[in-house]
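Structure first, commentary second.
The values are calculated or read from the model by the stated rules, or taken from the named source; none is laboratory data. Small disclaimer: the values here were computed from a predicted structure and weren't measured. Reconstructed Cβ throughout: ideal geometry from the backbone, glycine too, with neighbour counts over all protein chains shown.
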């Protein structure tokens, strides 16, 4: 029976997770499998891989063919390198101690590389958060200045308002004076009109006395 190591999908929509399973090559992707040897979560950065390295190596050594994605995962975890070294040991090209030392050297370098990536991602995340905070503080400061500028009236505007008030007051005073000037002739006209009437009555009395 041809065996294949591949991924079986699970999880919700747009948040898929995968199981690393050993299954019959003729079985469907999410169908029955022989054994589950790990999980793969691509939603994190870096991707989260939980794998039983010993079982994965045993299946690879017995002829199980990994899919392209699983092969990349195995290379990332050093399974393919360990298989290559073990084949050399079986052929007598190198000893087991040499194979183990080479794998440990590679493992140390790989761990340092992964840790460096994690550190760089965390630093980038912190710097991005700091930049967002600074930008937000600038926006808040600009907003506060704009509100303060609306509340406080500038000095030129205050002077203009005072001038307008003074002009309006002068105009009202002039209007009052003009009304007083207009009312004065009216009284004079009334007195003049009354005076002639009195004078006209006097001759009438004189005529009466003459007739007598």
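Does the range 24-46 contain at least one residue that is in a strand (DSSP E or B) and modelled with pLDDT under 90? Show your work before the answer.
Narrowing the range 24-46 to residues in a strand (DSSP E or B): 24, 35-41.
Going one step further and asking which of them are modelled with pLDDT under 90, we end up with 24.
Yes; the residues of the range 24-46 include at least one that is in a strand (DSSP E or B) and modelled with pLDDT under 90.
Could you list, ordered by first residue, the pairs with Cβ atoms under 8 Å in which the first is in the range 53-70 and in a strand (DSSP E or B) and the second is loosely packed, with under 15 Cβ neighbours inside 10 Å, at least 6 apart or interchain?
Hits for this filter: 65/2; 65/25.
With respect to residue 139, determine if the residue is at pLDDT 85 or above, under 46 Å from the mean Cα position of the chain (by Cα) and surrounded by 13 or more Cβ atoms within 10 Å (Cβ to Cβ).
It is false that residue 139 is at pLDDT 85 or above, under 46 Å from the mean Cα position of the chain (by Cα) and surrounded by 13 or more Cβ atoms within 10 Å (Cβ to Cβ).
Is it true that residue 86 is within 30 Å of residue 60 (Cα to Cα) and assigned by TED's automatic domain parsing to the domain that holds residue 54?
Taking the combined requirement at face value, the residue satisfies it.
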